[in-house]
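Bear in mind that the values in this text are calculations on the coordinates, not laboratory data. Keep in mind that this is a model prediction, so the values were computed, not measured. Cβ coordinates were reconstructed from backbone atoms using ideal geometry, including for glycine residues, and neighbour counts include every protein chain displayed.
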């Protein structure tokens, strides 16, 4: 369950570093989103993840807040807190009151922006963007399929707000035909986060059990 939570939450990070290889129009849209992301000293957003199985039955639901700067991020939900400073990951599981610490390599960064960046750079086929209404907003909807065998999902769909080039929604179809949908709201790129924001501070969580996996 912990691994599923980690993967589901960090899917959201992948969308900020997505690059396409096929449709020029789709690539230009994603480039605008990515360039705006690079220019920001800090992004904060709300998200909701809903997963359904192959029959459409809801299997998981999580709401939270993400803070992002460059390749660093924090996540805060009812079940999990997470920090990643570009080198070290801290995952705090509230139910068990424990923190797992790791320094993931490029090969096993499946649950961080670094891993998703590496994965997306391997190449995706992008279809021509389609105009749709997503969460009440006019959006470009772009379907993506990986050019190489991907261990986690076989299709991805990104919805980008036409007015401000921010992400509205990510839909991932996994290998077992289950679906993860991530809705994004309250996207604000005007924050200025210092580096300490993305580092776990034990003093803030007295009594937590530390499990150092490095």
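Structure notes:
- Distance between modelled label sites at residue 25 and residue 177, nm, 7 Å Cα→Cβ extension: 3.1
- Ranked by the mean number of other Cβ atoms within 10 Å of their residues, highest first, the peptides 47-56, 66-75 come out as 66-75, 47-56.
- Residue 197-residue 79 FRET efficiency (beta carbon distance; Förster radius 30 Å; 0.05 resolution): 0.90
- Rough spin-label spacing in nm, given labels placed 7 Å along Cα→Cβ, for residue 212 and residue 145: 4.8
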